[in-house]
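Student: Below are the structure tokens for one structure; questions will follow.
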Amino acid sequence: MTSTGKSSSRTVDGFVSHVNGVFEHGLLTTFVRKNEIYVEDREYDIIIVGAGFAGLIAARELSRRGRSILMVEARDRIGGRTFTAQVDNERYEIGGTWIHWSQPHVWSEMTRYGFSLSESEGATTNQISLLFDNGTRLKTVSTADFYPQLFDLLNKFSNIDGQNGRTVLPQPHAPLADLGAIRAYDHLSMQDRLNQLSDLVEIDSEMYEVLDAYLSMNTQGDLAKSGFLDHLTFWSLGDYDTNRTWDKTSRYKMREGTSALAQAMLDDCDQVSLLLSTPIVSIHRTNENKVRIKTANGKIFTSRTAIVTVPLNVLHTIDFQPVLTEEKQRAIAEKQCSGGTKFWAKLMNPIGNWCGFAPYPNPITVAYTDDPEGYIVVGFGPDDALDIRDIQKVEHELQKFIDGCKVQSVFGHDWRHDPFIQSTWSWYKPGQISANLQVLQSPEPPLFFASGDISNSWRGCIDGALQSGLTCVRQVQEYLNNR
Ligand SMILES: Cc1cc2nc3c(=O)[nH]c(=O)nc-3n(C[C@H](O)[C@H](O)[C@H](O)COP(=O)(O)OP(=O)(O)OC[C@H]3O[C@@H](n4cnc5c(N)ncnc54)[C@H](O)[C@@H]3O)c2cc1C
């Protein structure tokens, strides 16, 4: 039993912008709460900072092993970078969405709670709209002709070692197994690799732009600033094949929704106290090797250990005393480089099964329909290129792909400027995986660190958050058992 009750109401996160000019702040979702209940004035075994999937799996596993737990979350809901919103009685994933049966940790949760999959229709469309020349020239091609060419180039792009990347990441779930192998390529940016590919094979200018669009959608930003090794990690986890990587990252969703999974995991905890709407401002290790955390409203809680699961890009906002190791401070200060936009648009007229690509820095790099009729479009763009709150601007950008399309509403969440996230899915800069990943993962007992941003397997994904959380569970158990 957990110490919390279920509810469904409006979170402060997200927005809906309607064609009639009405702008609603906040989206309807499950498990939003403002009150604080069952939080005891006691020393806990573990304080977990952050109630995303890394925090939730740690809370479940450790509470079920008899540990006393306080979970403290800055926002008014659980789920972190994922939540299922209800808009006009339909459900939409505002953050993390697509999963796959070959992602072992998330699939295990699907099995545990009896969840099933649904499919995003546009991920397997027959036709694609390609936007060239700064969004001024549109071309429609059939996927049957086009995908084999694109995927062949992407396979070549990924084949950095002539062995499909297998010598670099022979065990995709253990990217740090051979640091020497990854160091040889970690200095490369995505743009460096694209330049190498252009020297190796003939790529016509249109195909180059499409490659750019596809890759920029993945990195959510400038290819020159994004590391090639993160691409290779996704590719190796996608069985060293572009087609399979696309299927694993962009096609299948949880039918029940990510919020339902987060809630199922919380319900499955044993005696976890949960504080929502409570940002942590400082984490101090005492002389007795205990943890004292301070909240923004001045409350102090103590524990034997803490698991810090806040996103990498906001770790710098917490005051750690004594300070963390010098190399961890450096890695935290560097951050990771993702931070684009994701939005949902409901159209007035259906457009069928559809997908569009445009190269960086077009405000929309990739968009596709999500429902069978084609009323619902999910879109992605780099950095701050598109103000997704502005329905007219979103409609204008979509019209470049779909002539005359009319948008009824736009909704999403500005993850990039969310003070407790400041990113989307993680993507490391050149050199950071070999220099920073292990550093960021390293415990500094009694502090432990978990996040989808620092996982080994499926980093940047829900699966990675679960893997990293589970790894922490083992570390914390060992630590507490030995004291
Ligand atoms: C737009 C978008 C699309 C994505 N698409 C996919 C996808 O299709 N498939 C996929 O698998 N993954 C996707 N991801 C990535 C995936 O959602 C994340 O990797 C995963 O959810 C991270 O989980 P986490 O527990 O590590 O971190 P988070 O979910 O970020 O949880 C960390 C929590 O810490 C809290 N926090 C921060 N600061 C403080 C503080 N000071 N005090 C207390 N709490 C704090 C935050 O509010 C947050 O709730 C996407 C992410 C985004 C944003």
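Student: How high is the relative contact order of segment 259-300, given as a whole-number percent (alpha carbon pairs under 8 Å, six or more residues apart)?
Tutor: Relative CO of segment 259-300 lands at 28 percent.
Student: Give me the percent relative contact order of segment 108-223, please, defined on Cα pairs under 8 angstrom at least 6 residues apart.
Tutor: 18
Student: Convex hull over the Cα atoms of the chain, averaged projected area in nm²?
Tutor: Over every viewing direction, the Cα hull of the chain projects on average to 21.4 nm².
Student: Between residue 286 and residue 139, what length comes free when the chain is fully extended (0.36 nm per residue of separation minus the Cα-Cα distance, one decimal in nm)?
Tutor: My answer for the length gained is 46.6 nm.
Student: Lys/Arg Cβ at +1, Asp/Glu Cβ at -1, dipole of segment 1-145 taken about the Cα centre: which of 21, 11, 44 is farthest positive-ward?
Tutor: 44
Student: Quick check for me: using +1 on Lys/Arg Cβ and -1 on Asp/Glu Cβ, what's the dipole size of segment 377-419 about its Cα centre, in debye to the nearest 20?
Tutor: Taking the Cα centre of segment 377-419 as origin, the dipole is about 160 debye.
Student: Of the heavy-atom accessible surface of the chain (probe 1.4 angstrom), what whole percent is carbon and sulfur?
Tutor: Here carbon and sulfur together make up 47 percent of the probe-accessible area.
Student: Give me the base-10 log of I(q)/I(0) for segment 179-220 at each q in 0.23, 0.26, 0.34 Å⁻¹, Debye formula, one uniform scatterer per Cα, rounded to two decimals.
Tutor: Values, matching the q order: -0.84, -0.94, -1.13.
Student: Moving on to the next point. Given Cα pairs under 8 Å that are at least 6 residues apart, what percent is the relative contact order of segment 225-349?
Tutor: It comes to 16 percent, rounded to a whole number.
Student: Report the Cα centroid-to-centroid distance between segment 303-379 and segment 51-107 in angstrom, as an integer.
Tutor: 16
Student: Same structure, new question: Rounded to the nearest 20 debye, what is the charge dipole size of segment 368-483 about its Cα centre when +1 sits on each Lys and Arg Cβ and -1 on each Asp and Glu Cβ?
Tutor: That gives segment 368-483 a dipole magnitude of about 500 debye.
Student: Turning to a different aspect of this structure: In the structure shown, do any of 225/335; 346/400; 139/400; 248/342; 294/429; 248/429 have a Cα-Cα gap over 20 Å, and if so which?
Tutor: Pairs exceeding the cut-off: 294/429; 248/429.
Student: A follow-up question, please. May I ask for the equivalent-ellipsoid semi-axes of segment 75-219, computed as the square root of five times each C-alpha gyration tensor eigenvalue and listed largest first in whole Å?
Tutor: After diagonalising the Cα gyration tensor, the semi-axes are 31, 26, 15 Å.
Student: When only the heavy atoms of the protein chains count and the probe is 1.4 Å, how do 403, 230, 247, 145 rank by accessible area, highest first?
Tutor: Most to least solvent-accessible, the answer reads 403, 145, 247, 230.
The values are calculated or read from the model by the stated rules, or taken from the named source; none is laboratory data. A quick note: this is a predicted structure, and the numbers were derived from the prediction, not measured. A quick note on method: Cβ atoms are made from the backbone with ideal geometry, for glycine too, and the neighbour counts reach across all protein chains shown. To get the accessible areas, we keep the full protein, side chains included, count just its heavy atoms, and leave off ligands, DNA and RNA. Shrake-Rupley method; radii C 1.70, N 1.55, O 1.52, S 1.80 Å.
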